[in-house]
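Have a look at the structure below, then the notes.
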Amino acid sequence: MTTQQNTLLQTIENTSGAVAMPTQENVMPRHNNVPQVNAPSIGSSAMLVELTISQWTARKKDKKASAEVTADNNAESGVANVSKKLLGNCAELDAIHKLTGSIRNSHYAMTMPWSDTGLRLLPTAQYPKYHQIMTGWEAELQGLVTAFLSTYQWDISQAHAKLGDLMDMNDYPTTDAVAAKFAFNLNYIPLPDAGDFRIDIGNDAVAEVKSSYDDYYQRQLGNAMHDVWTRLHTALSRMSERLTISDDGKKQVFRDSLVGNVLDMVELLDVCNVTGDSQMAALKTKLSEAMYGITADALREDTHTRTETKRTVDQIIATLPSLEV
């Protein structure tokens, strides 16, 4: 864990989930003629997180083979490409690619969208769980990378039989070069308040920049909360659909994850309510009560439980805010 992460975690623990953010008073003198923005401050209840994962794909375009395919089919140059899997079906590398997909899914599930640059909004209350899970993923990924690198030269020798005439030793980097292609980086960034601009560009310009950031802040915050509502609507709609009993009494089959996904939403509505939205808090309570003691087996075996759960879920869906954007 880095010094930055240790400091951040200690701050969270010492303030029971509240991270003290610098205000305009303690970073720069206040200008009386600079208007104050109205964006709700969530700097104490959320932060930004950036996850970057890089990996070696072991794929490369074969220009010669691509030209041959184009010519053999009387096609125009450049309309077809032959991409080689340099190691064929390599189990060690496939495991890495599969794990990185799972890591990104976890990252998206525990955070909310914020910007097009890859930054995500992470509720402060979610930080301990998020950091524990992500550092666990990082250790598992490193283990898989180490296992792959240990077999890399052997995999190259086996590639001759898999690629045939497509084999070209110039396509294969050294083991050290391949190792450098794998990376896992996690960065936590404080979420600035609209008033936190440490710049000296004149009062009028500062006011304009703050107003612009206020609009951006409101828009991104709206997108983040919209994402939570969308996830809730998706999970509940899926449950309602699967719990439907047809007129002839036929029940649809569903997996245990149907219930698990909705229970996850109860937690998400709690930790992701960074604005203190009363509607979200009320729905979280209602959904928690509706799902108390509910299991997938109970929904399958008890028609009354199934019917009542669907009825409550449909009622909650009807009260959700519009998802139109």
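Kindly write out, for the range 138-151 in residue order, the coupling ³J(HN,Hα) from the Karplus curve 6.51 cos²θ - 1.76 cosθ + 1.60 (θ = phi - 60°), rounded to whole Hz, with x marking Gly and Pro.
Karplus values, whole Hz, x for Gly and Pro: 4, 5, 5, 5, 4, x, 5, 5, 4, 5, 5, 4, 5, 10.
I want to check the label-to-label distance for Gln279 and Glu140. Put each point 7 Å from Cα in the C-beta direction and report it in nm to one decimal.
Label-label distance for Gln279 and Glu140, simple model: 3.7 nm.
At 1.4 Å probe size, with every protein chain present, just tell me what the per residue accessible area of the range 241-325 comes to in Å². Provide the component values of the computation, followed by the final result.
Details: 5040 Å² over 85 residues.
That works out to 59 Å² per residue.
Step through the table entries Lys250/Lys284; Lys284/Lys310; Lys64/Lys98; Lys61/Lys85; Lys251/Lys284; Lys251/Lys310, compare each Cα-Cα distance with 21 Å, and write down the pairs that go over it. Before the final figure, lay out each step's value.
Numbers: Lys250/Lys284 31 Å; Lys284/Lys310 17 Å; Lys64/Lys98 30 Å; Lys61/Lys85 9 Å; Lys251/Lys284 28 Å; Lys251/Lys310 13 Å.
Distance filter (> 21 Å) returns Lys250/Lys284; Lys64/Lys98; Lys251/Lys284.
The values are calculated or read from the model by the stated rules, or taken from the named source; none is laboratory data. None of the values given here were measured: they were computed from a predicted structure. Glycine gets a Cβ as well: all are built from the backbone with ideal geometry, and neighbour counts include every protein chain shown. Remember, those area values only see protein heavy atoms, side chains included, never the ligands or the DNA or RNA. Shrake-Rupley method; radii C 1.70, N 1.55, O 1.52, S 1.80 Å.
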